[in-house]
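Values in this text are rule-based calculations from the coordinates and carry no lab data. Computed from a predicted structure; not experimentally measured. Note that we place each Cβ from the backbone using ideal geometry, even for glycine, and neighbour counts take in every protein chain shown.
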């Protein structure tokens, strides 16, 4: 009699396979980055990857773990790519390297390695660096700066002064600053119409970057790598809070589309908040986690001291995961509660 596989046996879905699919899903966003800024993006990705793998290798060696097994799972590379894409593209190379090393050593390996970390390592790196180096972490390139690859590379390597023509504020930061300073009869519509940094929906050029992340995230959902609950609820929370503020005072607050396609909204919704290790495990918990993170990210953007609140919102919700999972457990079979 031939052996027939039971129906509960599923297709192999190793960590390496999942990580490779996440890296593939990031490629549309990286392609848009290359179109906007050129090959310097690949330089930052290379620096972050090298620093992450080196830090992972040293920690694995110190802990007596097999290097080939854990270095080959791709988790360190995913963390490195997320850091490179979350950090300013023209940030000094050492800042990206420090962020990647900190994420691996402190936020991942000191907690026991992959699957043991309570906080998202890439967002820990972002939060630590933006608190420690706020000026460097707030300088993003202008799309129409006209600088070539050599000039931008020299800026990354620290061989030329950091010029405002090449590095400036993000659309989120520019809008918040203009509203606080009360420039003339300051209103969102007037500010976004008068400044070249803004496009038709959000930041000029960055709208397409968000669309690239959206395409990659939808592909991950179609492949079954991530579920729909966290990204959908994250975007819903972001849109709900920004929409309520916009309806209340449209002159003082940007519309939901601006928030959805600005900053790290799409990257956070599909690639950061969906981290299975640091997120909720229950179906209702995932909805609560995503919606709360999106809503909090909007509140930090609008009322906080940082231009984007995705990293801090995700980290704060990481703290709440145990209690959310505790109170959203589905009932045990045969019991009412």
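Filter the range 213-232 down to the residues that are outside any helix (DSSP H, G or I) and crowded, with 17+ Cβ neighbours inside 10 Å, then identify the one that is nearest to the chain's Cα centre (by Cα).
If we take residues in the range 213-232 being outside any helix (DSSP H, G or I) and crowded, with 17+ Cβ neighbours inside 10 Å, then 226 is nearest to the chain's Cα centre (by Cα).
Could you tell me how many of the residues in the range 102-124 are in a loop (DSSP other than H, G, I, E, B), free of Cβ contacts under 8 Å to residues at least 60 places away in the same chain and buried (at least 24 other Cβ atoms within 10 Å of the Cβ)?
1
Could we say that residue 53 is in contact with a helix residue (DSSP H, G or I) (Cβ under 7 Å, 6 or more places away or on another chain) and either at negative phi or buried (at least 16 other Cβ atoms within 10 Å of the Cβ) (or both) here?
yes
Filter the range 256-295 down to residues that are outside any helix (DSSP H, G or I) and touching a residue at least 60 places away in the same chain (Cβ under 8 Å), then give me how many there are.
7
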